[in-house]
1. Would you confirm, using the coordinates I've provided, whether S317 is of a type in the set (S, T, N, Q) and buried (at least 18 other Cβ atoms within 10 Å of the Cβ)?
2. Before we move on, is L202 surrounded by 15 or more Cβ atoms within 10 Å (Cβ to Cβ), in the same structural domain as I105 (by TED's automatic domain parsing) and within 25 Å of G89 (Cβ to Cβ)?
3. Look at L277 and say whether it is surrounded by 14 or more Cβ atoms within 10 Å (Cβ to Cβ) and assigned to a helix (DSSP H, G or I).
4. State which residue is surrounded by the most Cβ atoms within 10 Å (Cβ to Cβ) when the search covers only region 45-98 and only residues that are acidic (D, E) and at pLDDT 90 or above.
5. Within region 179-193, can you find the residues that are closer than 15 Å to E269 by Cα, touching a strand residue (DSSP E or B) at 6+ places or on another chain (Cβ under 8 Å) and not polar (S, T, N, Q)?
6. Yes or no: D207 part of a helix (DSSP H, G or I) and either loosely packed, with under 14 Cβ neighbours inside 10 Å or aliphatic (A, V, I, L, M) (or both)?
7. All but one of (1) more than 30 Å from S317 (Cβ to Cβ); (2) part of a helix (DSSP H, G or I) hold for I201; state the number of the condition that does not hold.
8. When region 224-274 is examined, which residues are found to be closer than 24 Å to F84 by Cα and not in a helix (DSSP H, G or I)?
Amino acid sequence: MLQALRGIRLFAVLSFLIVIPRVVSGQTAENVVIGYSAISPFQVIVKVADDSGAFRRNGLEVKLVFIGGGPGGTQALLAGDVPFVVSDGASAVTSRLAGADTTIILGLVNTFPYSLVVAPQIKKVADLKGTKVAISRFGSSTDVATRLALNKVGLNADKDVTMLQVGAQNARFAAMQSGAVQASVITPPFTLTARKLDFNILLNMVDLKLAILQSAVLTTDSIIQRNPGLVGKVVKSFVDAIYFYKTQKKESLAILKRFLKYTNDDEVEEAYTEAGLKLVPDKPYPTAEGIRFILTSLEEKNPKAKNRRAEEFTNISFLEKLDKSGYIDSLYAKKTK
């Protein structure tokens, strides 16, 4: 991973700091690398922005790079390997508490979309004691979600189970199938696959209706100061991509299918319906409630999380400007005509 990131870093520095002009639709395009930390329906919007042409229409030539796990994506951002990353809010908050200038500019999913899924042989909560539970990385949203889910069913993540860093969702699910771990939190479409394979779902966290920044677009204060025009283009591209995703179902299903590398149409449909249509907001503001939830969950282990304001961790000025201009409302007004 480190060697791969070093290679990404060289490309990112050359393409971001030394902008190679390209003409796209009559305008000079800026080259930029954007990372994403999970292959899941909750991060597919970055792929939609690329495949639908939203980036190019907004004057960007984008290279997408996968960097597994929220903390890994945040580290790549802070190292200068990528100027933007689609990651989870927990990683952004944690890094800023540690003194970094990470900031959240968009909230793509503002609630927990996870289900706590367990191996077929586990029939009740008590059977989970002493088992191995897979998360992506410590400090990530899967870590926070797993601890909360276990707490909701009466278990202590630090005492009753062994938490293992396994990686992205497909890796966690593969570990469950092999028997290497006995539980994990997963999202659609893996929930449908899990049911077909007789895995048991102990808890659907969507039902809890908890506010948290599950999927967000992150950058840094220094990048905003250095190139606000670029940030504005990225924000508008994501807004355009969300609109495309919600209104162009056939094309969006095809993009989602390629992104997830799934061949089963039922699973892709479930991912599209349960994730994209239900959970991605038209106006992707990161919620203050979601950040406060993360801060509260961190207080016990990190005293720096106490008495912090949610606004310290976001910069919504670019989305707010676009929203106040009437642009987003005008997009969806077309849909209702």
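1. It is false that S317 is of a type in the set (S, T, N, Q) and buried (at least 18 other Cβ atoms within 10 Å of the Cβ).
2. no
3. In short, no.
4. D81
5. Hit for region 179-193 is F190, nothing else.
6. yes
7. (2)
8. N227, K261
The values are calculated or read from the model by the stated rules, or taken from the named source; none is laboratory data. If you're wondering where the values come from, they're calculated on a predicted model, not measured in any experiment. Counting neighbours? That spans all protein chains shown, and the Cβs are built from the backbone with ideal geometry, glycine included.
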